[in-house]
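Working notes, beginning with the structure itself.
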Amino acid sequence: MAGRRRLPPLLLALLLACKPYSPCDEEAACVSPSTSSGEATVSGESSSGESSSGDGSSSSGSTAVDSGSDAGTNGQTDSTDSTGTTSTGAPAVCGDGDVDPGEECDDGNTDDADACPPTCLRDRWVFVTAATHKPDFGGAEGADSLCRQYALQSGRADDTWKSFKAWVSDSTTDIRDRLTPGVLARYVRTDGVVVARGVDQFFSGTLEASISVDEFGAPQEGGVITGTRPDGTAVPGSLHCDDWTFVGDQLSLHYGVITATDEAWTMPSDMDFNPTACGASWRLYCIEGA
C-alpha cells in the first residue's frame, strides 16, 4: 500500500522473538487475580485440594471455619440427657436441688425426716378406713372403690386418690399382684409416720409402724378385712365370704390386727380366732398404688 513503510526484515524478526515474560513459562503455578475474599487461588485447584470442574469458576481460596462446629473443644456446655446423666458424664445426684430424670422430688438435701427422702421419690399414703364395712362390698374392686372414695374425701391425696388399692385378696387374685411392683418410695400414714420403705416391705411380714391411723389422721384399733397372708398372697382354701359378696355365719374370712407391726397386721396365726364368720363389720387397709 502506498504511503506505508515496511519494517526491515531483521528488526521484524527481533520483535517476534521477544514476547512478554510470564511465570507460566518456567512451569511455575499460574496465579490468578485476587478473588472477592482478598485471597489468591491457584488455577486448576480448588481450596479443598480437589480438582475444579473446569467451568471457569474458582473457589474462594479459603476454608471456612464453623465457630460452633467444635464446641466440644473450647465451648462445651453442660446438659442433662434422658438417662439423668450430664454431657460431661456426671450422674444425676439426689439432693442437689434439681429434679432430674428418675426423680420425683429434690429439696436440696438428703434429710430422711422431711417430705422428700434421700431416694428423691415422693411419699405414698397408706391408711386404715375410719368407716367399717360388712364383707359384701363387691369383691376386691369394690374395696378399691371404697379406698379411693375415702382418699378423695380426706383431701390429702390430690389426684393420686385414683390409684388407691385395698389390701384385700380373693380366690383368684393376690394383693401383691394388684399393687404397683418395684416402688422404692416410702409409704407413710396420714400423720407422717413411715409404715414401709418400698412396696416389698408389705410382703416381708414386718412393718416400720402399724397402719393404725385413718384417712383423717385419727387413731384406730380393732380388726381389718384382708384375706391375705404375710407374703401378700391369698389365704389358700378360703372362700373370702364368697369373694366379698356374702354376709352370714355360713362362710368365713381372715382378718388382720390394726395395731400390729409383725405378721399379725395382715393375718394372726391364732387359728382359734382367725378365720371368723362373715357377719361382722370391719375396716379396710388402703394403700396408694402408684
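Any idea which residue in region 75-110 is modelled with the highest pLDDT, counting only those that are open to solvent by less than 30 Å² (accessible area, probe 1.4 Å) and small (Gly, Ala, Ser)?
Ranking the qualifying residues of region 75-110, first place goes to GLY95.
Please determine, by comparing only the residues of region 112-131 that are more than 29 Å from the chain's Cα centre (by Cα) and under 22 Å from PHE202 (Cα atoms), which one is surrounded by the fewest Cβ atoms within 10 Å (Cβ to Cβ).
Applying the filter and picking the extreme gives ALA130.
Can you find a residue that is of a type in the set (A, V, I, L, M, F, W, C) and over 24 Å from HIS254 (Cα atoms) anywhere in region 199-215?
The answer is no, given that none of the residues of region 199-215 is of a type in the set (A, V, I, L, M, F, W, C) and over 24 Å from HIS254 (Cα atoms).
Somewhere in region 228-237, is a residue buried (at least 21 other Cβ atoms within 10 Å of the Cβ), out of contact with any Cys (no Cβ under 7 Å at 6 or more places or on another chain) and under 24 Å from TRP161 (Cα atoms)?
yes
Identify, from the list ALA140, ALA113, ALA131, the residue that is modelled with pLDDT under 95 and of a type in the set (Gly, Ala, Ser).
ALA113
Any residue at all in region 147-168 that is farther than 30 Å from ASP100 by Cα and of a type in the set (Asp, Glu)?
No, region 147-168 contains no residue that is farther than 30 Å from ASP100 by Cα and of a type in the set (Asp, Glu).
For region 157-189, how many residues are more than 26 Å from HIS240 (Cα to Cα) and at pLDDT 95 or above?
3
Kindly list the number of the only condition in (1) within 20 Å of SER169 (Cβ to Cβ); (2) over 34 Å from the mean Cα position of the chain (by Cα); (3) open to solvent by 70 Å² or more (accessible area, probe 1.4 Å) that fails for GLY223.
Looking at each condition in turn, GLY223 falls short on (3).
Before we move on, is LEU152 part of a loop (DSSP other than H, G, I, E, B), over 23 Å from PRO268 (Cα atoms) and either of a type outside the set (S, T, N, Q) or at pLDDT below 95 (or both)?
no
On the given criteria, is SER281 open to solvent by 40 Å² or more (accessible area, probe 1.4 Å) and either in contact with a helix residue (DSSP H, G or I) (Cβ under 8 Å, 6 or more places away or on another chain) or under 19 Å from VAL188 (Cβ atoms) (or both)?
In short, no.
How about region 243-270: which of its residues are part of a loop (DSSP other than H, G, I, E, B), open to solvent by 50 Å² or more (accessible area, probe 1.4 Å) and within 20 Å of VAL126 (Cα to Cα)?
The answer is THR259, THR261, ASP262.
The values are calculated or read from the model by the stated rules, or taken from the named source; none is laboratory data. Just so we're clear, the structure is a prediction, and the values are computed from it rather than from any experiment. Cβ sites come from the backbone with ideal geometry, for glycine too, and all protein chains shown count toward neighbours. Quick note on the areas: whole protein, heavy atoms, side chains included, nothing else; ligands and nucleic acids left out. Shrake-Rupley method; radii C 1.70, N 1.55, O 1.52, S 1.80 Å.
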